[in-house]
Amino acid sequence: MEPVSHQGMPRLSWIDTLYSNFNYGTDGYDAEGNEEQKGSREGSETMPYIDESPTMSPQLSARSQDSVDGVSPTPTEVLLPGGESESDKGLLMRKLVLSGVLASEEIYINQLEALLLPMKPLKATATTSQPVLTMQQIDAIFYKIQDIYEIHKDFYDNLCPCVQQWDNKTTVGHLFQKLASQLGVYKAFVDNYKCALETAEKCSQCNVQFYKISEDLKVKGPKDSKEQPTSVTMEALLYKPIDRVTRSTLVLHDLLKHTPADHPDYPLLQDALRISQNFLSSINEDIDPRRTAVTTPKGETRQLVKDGFMVELSENSRKLRHLFLFTDLLLCAKLKKATVGKHQQYDCKWYIPLADLVFPSPEESEPIHQLHATPDHEIEEMKAKISVLKSEIQKEKKSNKGSSRAIERLKKKMHEYESWLLLYSPTIPFRIHNKNGKSYLFLLSSDYERSEWREVIQKLQKKDLQAFALSSVELQVLTGSCFKLRTVHNFPIISHKDDDESPGLYGFLHVIVHTAKGFDHSANLYCTLEVDSFGYFVNKAKTRVFRDTTEPEWNEEFEIELEGSQYLRILCYEKCYDKSKLNKDNNEIMDKIMGKGQIQLDPQSVQSKNWHVDVIEMNGIKVEFSMKFSSRDMSLKRTPSKKQTGVFGVKISVVTKRERSKVPYIVRQCVEEVEKRGIEEVGIYRISGVATDIQALKAAFDANNKDILMMLSDMDINAIAGTLKLYFRELPEPLLTDRLYLAFIEGIALSDPAAKENCMMHLLRSLPDPNLMTFLFLLQHLKRVSEKESINKMSLHNLATVFGPTLLRPSEVESKGHTNLASDIWSHDVMAQVQVLLYYMQHPPISFSELKRNTLYYSTDV
């Protein structure tokens, strides 16, 4: 993955890319209200309990539950140059952590400077006849910011030379001890935080000049970088000290972990950690839990339990809504457009008292006719556009002439595309019914979220709830409180992230699902794997059903493609075979979720050569699994087979000549088996096959095993599909050849249909005969698969997306120039590769003999 910018810090040679993964409190500050309105990220009126455990980041739980800002990387293995001692390893790891701290401190100091910048001119005007703000208002808004800035500037100035002149005698413990002893200033800031926010809000509403200032503060980029200053709201910057102090123990845990007990720093760091933990405890005691609640007219407390964005299917169209679950009702709202000088507000669309809310069973649901899934090719095309824009933004930032206006324009367009993707990608129905009237249908991208919402609502319904109706005034007051109570401020898209936030992993995650324990009765059990991609979760793999057991042993391996992923989810299901449980919203039988859990994909843990074993606990169930990660550039490498007797990694011309065939035996047999019993399999060629089964088939084909036909007939169809994909991927040269790669890319870009036709047919004729025969054979097969799209959900575009980058890809020399950005998994080249295969799949049948017989007038140098 692409290293994060080094923020102008000292170079660390081979560990540069490692320390970039350490991120202490440099979270994003841009926020988005809804699909129609861009707003500022709120500092949050709510400040609930802070987690102080050493394994978790102390973070405000009112922030999004999916936030990864606070998770401290704890690498289990660091690859060092050969021969280092444990002390050398610890020394390098300490420098690694400290360099990350410096980078984070620089960003924080720049944010505080931006916040302080308007304070002096505001004070200067306060004593004039036309003040923007009074001195009292200025003191309330900027209370203790100057003190906090000076403390961290002093810490940074003293720590920087220590890291620059690093050796085994360097000590830094006294600096962290001093910083911890000064945390008291944050106590005063926290106590005043609510007053600062309210004062700034009132002043913005009353004074247009201050509103303009507070909505556009400029935070400069790291020194020695070409990045343009970023526009940030005052409200977002006021939240930074809150966010910062709640993470104060993170770096201390990591430093202590890599500091020997006999080192002079060790007792000083321990003392700093003790002070920090005690301070965080005092902060938690001062936080008023009622800030997450509103009071009903009867004096009862109505607590906000959960909120989040969701897509509602209403009046035959998709609408982005914000759901607020309180202790006694569910409220669905839409964020209204803000007007200058006025605070943003929500508009209530509907609400249901929990006493009246029911989840209709499958047999009770009325079938709907307006649920039309967005074609997959439109989803993939939008992903491609987003990735191209992301690359353009990166290039603009690195350019000497990169203008902030151009970057903002690109970001705005990317936000539009991402919002569209989040609106039109969800397909999993989630129906809520008011037993006194109407039903509401939401669409989710993950069964995990559907289960999570259902569980928390059902838990609240176990209490003694009474039906009620809100008066118009009560509803207005409740809706008005939602803006301050909300804990999810924006939907999770790239354009909301800071540049220093992790871009996620791009490449392939190998996962082995081993076993599960903790079931209280025998059942037919299986697991599914989900990863996040482009802001939402996608189901990527599924184990086989292990029948009638309390301790399933799957031991199945999957290869999952990652596109900026940061989380892996595992869901465990009990298989249902009762057709009466058919969900009429999507015509699928609903299996029962037995448990679910997720882990963060820590790059330090998964990017090692060894398998990383882990356990996810879910509702008393423990699922054991292993995983390891391979980057995209590693997956591009083709390693020719050393033994010419096999078929994998051997030139296709050698194999067909040896077999005396026009198309390799492995291709013919796999295609035949898929067409015989897998052509109606949902997700055929997209769903991962079990890796161990694929390897067994690979070995059998390489050895020319006589029992190969028997193995094929017994093997899971996804493993056979995976074997065919693996064969093409491991060819020493792609099927459409290295030599013709650029010509195919240029040909597909031609605008004139006739010229494109001539060029693309000419290129096919230029292929070696074995390659051409095999390509045409595969082409006809993929067309037959797509004819069953209504059943297998695999369109021509889906199939082109799966096979395009495998059959047509640049040579290793060319690809080196295309893998600088992690997001190049959806680069312009990949888009073109998909389009080339799609062109041939959409073309009328192509005959080998006709291609060879016809002479076209268009020619290309190849």
> Any residue in the stretch 771-778 that is of a type in the set (S, T, N, Q), touching a residue at least 40 places away in the same chain (Cβ under 8 Å) and closer than 30 Å to SER688 by Cα?
Replying inline: yes
>> Can you tell me how many residues within the stretch 421-443 are in contact with a helix residue (DSSP H, G or I) (Cβ under 6 Å, 6 or more places away or on another chain) and of a type outside the set (A, V, I, L, M)?
In response: 5
>> Need pairs with beta-carbon distance below 7 Å; first residue under 12 Å from LYS144 (Cα atoms) and in contact (Cβ under 8 Å) with a residue 60 or more places away in the chain and within the stretch 170-197, second buried (at least 19 other Cβ atoms within 10 Å of the Cβ) and hydroxyl-bearing (Ser, Thr, Tyr); sequence gap 6+ or separate chains.
In response: LEU183/SER248; LEU183/SER276
> Of the residues in the stretch 449-490, how many are hydroxyl-bearing (Ser, Thr, Tyr) and touching a helix residue (DSSP H, G or I) at 6+ places or on another chain (Cβ under 9 Å)?
Replying inline: 1
>> Condition check: touching a Phe, Trp or Tyr at 6+ places or on another chain (Cβ under 6 Å), aliphatic (A, V, I, L, M) and more than 20 Å from LYS596 (Cβ to Cβ). Does LEU441 satisfy that?
In response: no
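So, THR199, is that one within 34 Å of the chain's Cα centre (by Cα) and buried (at least 18 other Cβ atoms within 10 Å of the Cβ) or not? Break it down stepwise before answering.
On the way: within 34 Å of the chain's Cα centre (by Cα): no; buried (at least 18 other Cβ atoms within 10 Å of the Cβ): yes.
Answer is no for this residue.
Could we say that LEU478 is surrounded by 13 or more Cβ atoms within 10 Å (Cβ to Cβ), more than 20 Å from ARG321 (Cα to Cα), in the same structural domain as THR301 (by TED's automatic domain parsing) and of a type outside the set (Asp, Glu) here? Full working, then the answer.
Values: surrounded by 13 or more Cβ atoms within 10 Å (Cβ to Cβ): yes; more than 20 Å from ARG321 (Cα to Cα): no; in the same structural domain as THR301 (by TED's automatic domain parsing): yes; of a type outside the set (Asp, Glu): yes.
Against the criterion (surrounded by 13 or more Cβ atoms within 10 Å (Cβ to Cβ), more than 20 Å from ARG321 (Cα to Cα), in the same structural domain as THR301 (by TED's automatic domain parsing) and of a type outside the set (Asp, Glu)), LEU478 does not qualify.
Can you tell me which residues in the stretch 197-215 are touching a Gly at 6+ places or on another chain (Cβ under 9 Å) and in a helix (DSSP H, G or I)? It would help to see each step written out before you state the result.
From the stretch 197-215, those touching a Gly at 6+ places or on another chain (Cβ under 9 Å) are 197, 204-208, 211; that's our starting set.
Within the stretch 197-215, LEU197, SER204, GLN205, CYS206, VAL208, TYR211 qualify.
I need the helices (runs of 4 or more DSSP H) fully contained in the stretch 758-853, keeping only those with at least 2 residues that are at pLDDT 85 or above, of a type in the set (A, V, I, L, M, F, W, C) and in the same structural domain as ALA721 (by TED's automatic domain parsing). Show your work before the answer.
On the way: elements: 769-786, 789-792, 796-807, 812-815, 828-842, 848-853.
Passing ranges, in order: 769-786, 796-807, 828-842.
So that you can scan it fast, the table gives a plain yes or no per residue for (1) modelled with pLDDT of 85 or more; (2) in the same structural domain as PHE430 (by TED's automatic domain parsing); (3) assigned to a helix (DSSP H, G or I):
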{"site": "ASP254", "(1), (2), (3)": "no, no, yes"}
{"site": "PRO267", "(1), (2), (3)": "yes, no, yes"}
{"site": "GLN270", "(1), (2), (3)": "yes, no, yes"}
{"site": "SER281", "(1), (2), (3)": "no, no, yes"}
{"site": "GLY299", "(1), (2), (3)": "no, yes, no"}
{"site": "ASP307", "(1), (2), (3)": "yes, yes, no"}
{"site": "VAL340", "(1), (2), (3)": "no, yes, no"}
{"site": "SER365", "(1), (2), (3)": "no, yes, no"}
>> Checking the conditions here, which among ILE745, ILE708 is in contact with a helix residue (DSSP H, G or I) (Cβ under 6 Å, 6 or more places away or on another chain), closer than 18 Å to ARG809 by Cβ, surrounded by fewer than 19 Cβ atoms within 10 Å (Cβ to Cβ) and not charged (D, E, K, R)?
In response: ILE745
>> Please go through (1) over 31 Å from the mean Cα position of the chain (by Cα); (2) crowded, with 18+ Cβ neighbours inside 10 Å; (3) within 22 Å of LEU808 (Cα to Cα) for GLN669 and return the number of the only condition it doesn't satisfy.
In response: (3)
> Looking at (1) in a strand (DSSP E or B); (2) at pLDDT 85 or above; (3) not basic (Lys, Arg), which is the only condition SER630 fails?
Replying inline: (2)
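Of everything in the stretch 216-228 that's touching a Gly at 6+ places or on another chain (Cβ under 8 Å) and at pLDDT 80 or above, which residue is farthest from GLU408 (Cα to Cα)? If you could, list the steps in order and put the result at the bottom.
As a first pass, look at the stretch 216-228 and keep what is touching a Gly at 6+ places or on another chain (Cβ under 8 Å): 222-228.
Filter once more, keeping what is at pLDDT 80 or above: 222, 228.
Values: PRO222: 19, GLN228: 11 Å.
This residue is PRO222.
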>> Against the conditions (1) at pLDDT 85 or above; (2) assigned to a loop (DSSP other than H, G, I, E, B); (3) in contact with an Asp or Glu (Cβ under 6 Å, 6 or more places away or on another chain), where does SER231 fall short? Just the number, please.
In response: (2)
> In the stretch 167-215, how many residues are in contact with a Pro (Cβ under 8 Å, 6 or more places away or on another chain) and modelled with pLDDT under 85?
Replying inline: 0
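The values are calculated or read from the model by the stated rules, or taken from the named source; none is laboratory data. These numbers come from a predicted model, not from an experiment. Positions of Cβ are generated from backbone atoms using ideal geometry, with glycine treated the same way; all protein chains shown enter the neighbour counts.
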